[in-house]
Amino acid sequence: MKNTLPRLIKQLGVVAAVILAITIGNDYLPPQHNPLRPINLNDPIGVATGFKLARIKADTDLCYELLDKAQVGYTPLAPDAGTDRCPLERALVLEQTNYPYSVAPLRMSCHQTAALYIWEHDVITPLAEEILGSPVEEVLTYGTFSCRNIAGTNRLSEHGRANAIDIRGFRLEDGRIIDVRKHWRDDGQRGEFLTAARDGACKLFSVVLGPDYNAAHADHFHFDMGGGTICR
Ligand SMILES: [Zn+2]
């Protein structure tokens, strides 16, 4: 009992120090590292970005506000656009983002779209410049929404929730094609670019699967914002 008071004082000191650190940090931390600041989709990726993306997953109104602020073009899907099995709750059709995609329509959840937007401008744009020396002209995809199970299981895929995208490669402005199937293990720039594109996606999406994961992903990256955590 006699140690209770000193221990309480010590604990209060720790709490006060944490509150002080957060208060000071709130003013001085760059927004991408500060979990107290609201996310801006044009901020660079920081230590708090994943936390903030998880927050907008739970707040669809905020998510749509952020897409509007970033001038992402989309059409909201009608509430009854899906089916009983794949209800497409408050999903959208993507119309305009940093890059055109090879498949339309791309139906996606709002928070999946937000993560994709950040990946485009903060991962793909700088990597294409630094590693390949040419901007990306088009992102090559197999699509997003598909009301189906995960291959070989009876569990609904995140594609069935419009919460996933499959990326098979990139077409560059200089005409080159970067192909996940052909170039994943390439020793040169294309392989380096693909590895960095995958690694950057892991900072944003909860599940990132590619050729290293299994044979079903030998020719594409799968990114989703479901409940899992995989980067491979
Ligand atoms: Zn997929």
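Can you grab the distance from the C-alpha centre of the range 110-128 to the C-alpha centre of the range 37-64, Å, no decimals? Centre-to-centre (Cα) distance: 13 Å. For Arg90 and Arg176, a Förster radius of 35 Å and the Cβ-Cβ distance give a FRET efficiency of 0.40, rounded to the nearest 0.05.
Between Asp80 and His33, take the C-beta separation as r, use R0 = 45 Å, and let me know the FRET efficiency to the nearest 0.05.
The formula returns an efficiency of 0.65 here.
Highest GNM mean-square fluctuation among Ala81, Ala91, Ala114, for the chain modelled with Cα contacts below 10 Å: Ala81.
No lab work stands behind these numbers, since they all come straight from the coordinates. As the structure is a prediction and not an experimental result, all values here were calculated from the model. With ideal geometry, Cβ positions are generated from the backbone for all residues, glycine too; neighbour counts draw on all protein chains shown.
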